[in-house]
Amino acid sequence: MDKRPIGVFDSGLGGLTAVRELRRILPGEDIIYFGDTGRIPYGTRSRETILRYARQDIAFLLSKGVKYLMAACGTVSSTYPAEEAAALPVPYTGVVSAAVEGAVQATRTGKVGVIGTSATIRSGSYVRLLEEKLPDARITALACPLFVPLVENGFADDHGGVAGIVARQYLEPILQADVDTLILGCTHYPLLAPVIRKITGPDVTLIDPGAQAARAARKALLALGLDSGRETGGSARYYVSDDPEGFSDSAAFFLGDYAGGPVEQIRIETY
Ligand code: DGL
């Protein structure tokens, strides 16, 4: 049993899709979330910059005494080296392996789509792991760089409008490839799931990487004996690198019933 908090981070608000699931399935755990709202997006940046940012995000959460680290960001998960993760003082997980596991379970035809930020798709992380787990898979991988700004600017539920138009254009190759499973390989994208679902139709299984990673984290915590042992009463605290004004309203959209908790601004470049 370990009562220290779980540390979760993302370039912005997208990682809250993982926090929402963590709060739902681990209601007795304390969570510390860092959203790098002052430096978002990560997904359009170079590998070196993403790594520098990820190391600072991790250093900050470690300074808060977390017992477990989750990169609730497809871009960081695709970039942060496994050797470096293995050398951290607490267990670390990204979202890629959990999302791939979800897709492997879901697909019936082996035709799988992956969408993500430019850096995620460029890294080939999802495709490599899918090919390893499903050697006969037919994979279609696409970057959708406008999806994150749409979500961050509140256009996620704009079905008939700009989000719908952008999604229809991006997803055309996915429709052509006739996939039965689509990994939403960036933690912002599940907010666009209703828009995406309208385009793919109901028969395509959409994989939510944050939610999958949260379930994998629960398993890992229990297996490692790191769970708090509490069934209720967990709390959430939020840290951001830009002005926290407006964070609570935007976060409520991501967190739904699990919204609430103090927010504080930090200077992430000092970590
Ligand atoms: N949430 C990030 C991810 O999953 C995307 C946002 C960004 O580009 O920083 O990749």
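What follows draws every value from the coordinates through simple rules; no lab data is involved. Given the structure is predicted, the values throughout are model-derived calculations rather than measurements. Counting neighbours? That spans all protein chains shown, and the Cβs are built from the backbone with ideal geometry, glycine included.
Details
- q = 0.14, 0.20 Å⁻¹, segment 129-271: log10 I(q)/I(0) [Debye, one scatterer per Cα]: -0.89, -1.27
- Peptides 185-191, 151-157, 224-230, ordered by how many other C-beta atoms sit within 10 Å of their residues on average, highest first, read 185-191, 151-157, 224-230.
- Cα gyration tensor category, rounded, prolate or oblate, for segment 213-271 with a/c compared to 1.5: prolate
- The chain, relative contact order in percent, only Cα pairs under 8 angstrom and at least six apart counted: 30 percent
- Sequence-ordered 3J(HN,Hα) estimates for segment 240-247 from the Karplus curve with 6.51, -1.76 and 1.60 and θ = phi - 60° stand at 9, 9, 10, 3, x, 4, x, 4 Hz, glycine and proline given as x.
- Counting only Cβ charges, +1 for Lys and Arg and -1 for Asp and Glu, the dipole size of the chain around its Cα centre is about 420 debye.
- Listed pairs LYS67/LYS133; LYS3/LYS219; LYS133/LYS198; LYS111/LYS133; LYS64/LYS219 exceeding 18 Å between Cα atoms: LYS67/LYS133; LYS133/LYS198; LYS64/LYS219
- Sorted on the mean count of surrounding Cβ atoms within 10 Å across their residues, most packed first, peptides 239-249, 56-66 read 56-66, 239-249.
- Shape call, segment 37-121: gyration tensor on alpha carbons, a/c limit 1.5: oblate
- Helix-derived mean residue ellipticity, 222 nm - over the chain, DSSP H n ≥ 4, -39500 (n - 2.57), to 500: -12500 deg cm²/dmol
- By average C-beta atoms within 10 angstrom, highest first, the peptides 140-146, 112-118, 90-96: 112-118, 90-96, 140-146
- Prolate/oblate/rounded label for segment 1-53 (Cα gyration tensor, a/c 1.5): prolate
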